[in-house]
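What follows is a set of notes on a single structure, which appears directly below.
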């Protein structure tokens, strides 16, 4: 239950009779503090003086546990520098009582409450962010475990590994809150996925071959890309890397394919590099230098 200490209550009662001369301004003040109209009607001016009205209303607010209205009354008196009405009998006394009241209270209770709520909100956001971070870390660790298990699974064909890698990469995109679409078919071809990154569209290709990807695979994928809008690029993911001659063939001459290897994925799944940072570095490398194969391990070096 909301309670006002005795000294503060007595000062509020004294201020009520000293700072107000007109009943209209007095009731308006109380109403602006959040005192319900039914309480104001309960204590009419022809039956009570201003001191009694304040005393009774404070008691009622305490009984109703209306801490907001109590704090508002205290705060509004705290902010007053002089009597509310110019015609009060002793304006000097009103000003002195207000000064003593401010010194007694120490701080504006509403400002204090706002600061407390702000701290509580910051604490809540911190706790939410911390929980979100822990959850994301746990999900990433799970994805990393599944990624590592693909390397040692003996009952999977290269194609099956590729399908599972494709799914894991989509999960990684989702975890990083990147806009993507899982594998889909067009009337003429199969697309392993679609990623929207920094205003560009990327078609995805994911393969897990026994050796490096050769030029013919890149040629087929490049054909898919060049059959789309000029703003479309490609992201080719190969668990065991790419043949260097194939990389050289598709570098430099208006390249539109970015390459990602199993080593890159190991760093991303292992939380050694942020996926967004890695992708930004790869995009920068292809835009500035025509380099389609910047390893994640070289980012930041």
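Coordinate-derived values only; no laboratory data. In this text, all values refer to a predicted model and were calculated from it rather than measured experimentally. Every residue, glycine as well, gets a Cβ built from its backbone with ideal geometry; the counts of neighbours run over all protein chains shown.
Structure above, values below:
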{"item": "Share of alpha-carbon pairs per 10 Å distance bin for segment 42-156, given as whole %", "result": "11, 22, 22, 11, 9, 8, 7, 6, 3, 1"}
{"item": "Hull volume in cubic angstrom per residue (convex hull over the Cα atoms of segment 156-205)", "result": "74"}
{"item": "Percent antiparallel among DSSP beta bridges (both partners in the chain, rounded to 5)", "result": "40"}
{"item": "Efficiency of FRET between residue 167 and residue 25 - r from beta-carbon atoms, R0 45 angstrom, step 0.05", "result": "0.05"}
{"item": "Taking 23, 208 and counting other C-beta atoms within 10 Å, the order from fewest to most", "result": "23, 208"}
{"item": "Top of 271, 171, 85 by mean-square fluctuation, Gaussian network on the chain, Cα under 10 Å", "result": "85"}
{"item": "Within a Gaussian network of the chain (alpha carbon springs, distance under 10 Å), most fluctuating of 179, 209, 154", "result": "154"}
{"item": "Degrees between helix 158-175 axis and first principal axis of the chain (Cα, 0 to 90, nearest 10)", "result": "20"}
{"item": "Ratio Rg/Rh [Cα only; Rh per Kirkwood] for segment 6-106", "result": "0.93"}
{"item": "Global geometry of segment 170-231, whether rounded, prolate or oblate, following the gyration tensor of its Cα atoms and the 1.5 cut on a/c", "result": "oblate"}
{"item": "Degrees separating the helix 50-63 axis from the principal Cα axis of the chain, which is the longest one", "result": "40"}
{"item": "Tilt relative to the chain, helix 215-226 - C-alpha long axis, 0 to 90 degrees, to 10", "result": "50"}
{"item": "Rounded, prolate or oblate (a/c below 1.5 giving rounded, otherwise prolate when a/b exceeds b/c) for segment 157-298 by Cα gyration tensor", "result": "rounded"}
{"item": "Cα-based equivalent ellipsoid, the chain: semi-axes from gyration tensor eigenvalues, Å", "result": "75, 20, 17"}
{"item": "Gaussian network model of the chain, Cα within-10 Å springs - most flexible of 156, 235, 203", "result": "156"}
{"item": "At q = 0.10, 0.15, 0.17 Å⁻¹, base-10 log of I(q)/I(0) for segment 217-301 (Debye sum, equal scatterers on each alpha carbon)", "result": "-0.23, -0.52, -0.67"}
{"item": "Alpha-carbon centroid distance for the pair segment 133-192 / segment 34-85, whole angstrom", "result": "65"}
{"item": "Cβ-based exposure ranking for 194, 151, in which fewest neighbours within 10 Å come first", "result": "151, 194"}
{"item": "Ranked list, fewest to most other Cβ atoms within 10 Å of each Cβ, for 127, 67, 166", "result": "127, 67, 166"}
